[in-house]
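Step one of this worksheet: look at the structure below.
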Amino acid sequence: MKTPRSIREMVSSEEGQSLSEFFLILPILIFLFIGVMELGVAMFTYLVVATAGREGARFAARGEFTGEEIAYRVLVAIKPLPVNPDNTQIIVTCVEIDATGNYTISEPSYFTGEIAPDGEVTIIPLFPPTDTVKSTRIDYSIFEELAEQNEEFNQDLPPGTPPSENNLVAVEAFYEHEQLFGLPIMSEIFPNPFELYFSSIMRVTRGARWD
């Protein structure tokens with residue numbers, strides 16, 4: 001005949017079972033914690049890159065600025081992140097739309113750069129095919145649509161009104177985001193580094209020079 005276990009034995013057994021269950025789920029909890037941390041840092045990095053791309057396009061939209069000056073503004077806005085020629089690249093593309101709806105796309109300008117510990121920003125122009133550059137991801141058909149819109153706008157102008165011309169600038173920012181922890185198991189899910197990309201297209205409000 002079995003005798004009832006003492007309360008102490010029962011409590012010890014339950015504690016041991018709970019402890020075993022905790023250690024079983026601990027790796028899952030750690031993995032989820034690391035995943036949330038990695039996702040949060042990646043989202044922050046993307047927001048910085050997106051803000052920098054928009055800042056460069058807004059700067060260019062004022063007109064009378066060179067490609068290097070646009071790239072400088074982008075890098076300054078990315079400053080919270082580590083910047084070097086291996087992880088950052090900028091593409092600036094300019095488009096001129098005449099009053100008849102014809103448009104001309106300039107040869108894209110490519111830049112990278114680095115930010116020294118003292119905050120000094122250095123712009124480095126890139127010249128393909130000598131230098132390795134990213135390929136533009138802008139769908140050029142959007143420029144055709146904007147040119148058609150500009151032509152329709154001119155057709156609706158009152159007689160005697162000078163036709164409108166348009167200049168556009170497209171700024172693309174690429175950033176290679178390094179994982180926070182760099183664990184091999186996370187790299188199986190997300191590549192390390194992970195490429196972040198943002199583009200912004202704006203109308204130039206005044207005549208611009210592009211060098």
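What follows is calculated from the coordinates using simple rules that are stated; it is not laboratory data. None of the values given here were measured: they were computed from a predicted structure. A quick note on method: Cβ atoms are made from the backbone with ideal geometry, for glycine too, and the neighbour counts reach across all protein chains shown.
Remarks
- Amide H to amide H, with H built 1.01 Å from N, Val204 comes under 5 Å of Asn167, Leu168, Val169, counting only residues 5 or more places away or on other chains.
- Cα-projected label distance for Gln149 with Thr161, points at 7 Å along beta-carbon direction, nm: 1.7
- Listed values for region 98-114 are Karplus-derived 3J(HN,Hα) couplings in whole Hz (6.51 cos²θ - 1.76 cosθ + 1.60, θ = phi - 60°), namely 8, 5, 8, x, 7, 9, 10, 9, 6, 5, x, 9, 10, 9, 9, x, 8, and x replaces Gly and Pro.
- Annotation: extensible slack from Glu188 through Met43 equals 50.3 nm (criterion: 0.36 nm per residue apart, minus Cα-Cα distance).
- Treating r as the C-beta distance of Arg137 and Leu29 and R0 as 45 Å, the FRET efficiency rounds to 0.75.
- For region 7-204, the residue among Asn87, Ala116, Ala57 whose Cα projects farthest onto the positive side of the dipole built from Cβ charges is Ala116.
- Highest mean first, the peptides 88-96, 160-168 sorted by other C-beta atoms within 10 Å per residue fall in the order 88-96, 160-168.
- Amide H within-cut-off set for Phe65, under 5 Å, with H built and near neighbours excluded: Arg209
- Pairs of Cα atoms nearer than 8 Å and 6+ residues apart set the relative contact order; for region 78-202 it is 30 percent.
- Relative contact order of the chain, defined on C-alpha pairs under 8 angstrom at six or more residues apart (%): 28
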